[in-house]
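Bear in mind these aren't lab numbers, they're just calculated from the coordinates by the rules spelled out. The structure displayed is predicted, hence computed values, not measured ones. When we count neighbours, we look across all protein chains shown, and the Cβ atoms used for this are built from the backbone with ideal geometry, even at glycine.
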Amino acid sequence: MTALSHSAPAWYHAVRARLLASLCVGAVLAVAACGSSSSRSATSDDPTIDDSAGADRDDDAPVRCVVRLHGKGGAGDATTTDVQGIREVMPTGNEDGWGGRQWVYFPSDRYEEARDLVSSSIVSEGCDVAVINGFSNGASFAAAMLCAGETFGDVVRGYVIDDPVTDGATTGCAPPPGIQRVLYWTSAVDQPAGTACSDIDWTCAGGVIVDVQTFADDLGTDVVQSPNTEHIWYREAPEVGAFLGT
């Protein structure tokens, strides 16, 4: 056969070449019509694969945040995330105080300024569900926001108010329906009602101290004894998780 092909005329070789070419084209068309004969597992790298369906994913869960409002002389910090996936959002107050920062939430223009800092923090962190947790001066500011009906677009589900300066922030309080709240109290910052805040260098709406029971009654809640006896933030308050629905 080999000797024949070598001695064949030119037309033979031309016909043979056309025949081989037609066979190759046929093979290619067959593969295109029927698919490759080799097996191929689909992967998400294939742009034709839609992997959006299927089981629920963690990134579909709402972003849950606790917004911590520091006391006078404190400061905010960078956001962290705990083992449960709860974001701890820690904005910084709108005024200097005691070598750090504080929340000044009166008169109305300063309230709006402080509230907007909280709002910006909630938005920038993408919080879908949030709890406001204030301590000391931050707790009084939290109480003022609760009484003003702040839910930040129904994102906030509850307020945890911890050892507040019991001032006039709750006067005329009108909490929004359905918002949960708790007030923790150590008694370490208890002052006689009517004490002038300027005399003790405290920041107070209304300028004087009110008694803690009046403060709690205005909020529509009870006074709950903190496990701390000193003026220390009870950050592990179980209501944070409960109000977030975790």
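Separation of the range 90-111 and the range 174-225 by C-alpha centroid, Å?
Their Cα centres are 18 Å away from one another.
Subtracting the Cα-Cα distance from 0.36 nm times the residue separation, let me have the gained length for L117 to V83 in nm, one decimal.
Result: 9.6 nm gained on full extension.
So in the range 89-246, what percent of DSSP beta bridges are antiparallel if you round to the nearest 5?
Counting DSSP beta bridges with both partners in the range 89-246, the antiparallel share is about 20 percent.
Taking only C-alpha pairs under 8 Å that are 6+ residues apart, what is the relative contact order of the range 62-244 in percent?
Relative contact order comes out at 19 percent.
Per-residue HN-Hα couplings for the range 175-189, Karplus 6.51 cos²θ - 1.76 cosθ + 1.60 at θ = phi - 60°, whole Hz, x for Gly and Pro?
x, x, x, x, 7, 7, 7, 8, 10, 9, 9, 9, 6, 5, 10
Which whole-number percentage describes the relative contact order of the range 188-241, with Cα contacts under 8 Å and a sequence gap of 6 or more?
Over the range 188-241, the number comes to 30 percent.
Just need the relative contact order of the range 130-238 here, percent rounded to a whole number, with Cα pairs under 8 Å and 6+ apart.
27 percent
If packing is taken as the mean number of other Cβ atoms within 10 Å per residue, what is the order of 163-172, 60-69, highest first?
163-172, 60-69
Is there a quick way to get the dipole size of the range 125-246? I mean about its Cα centre, with the Cβ of Lys and Arg at +1 and of Asp and Glu at -1; what is the value in debye to the nearest 20?
I would put it at about 200 debye.
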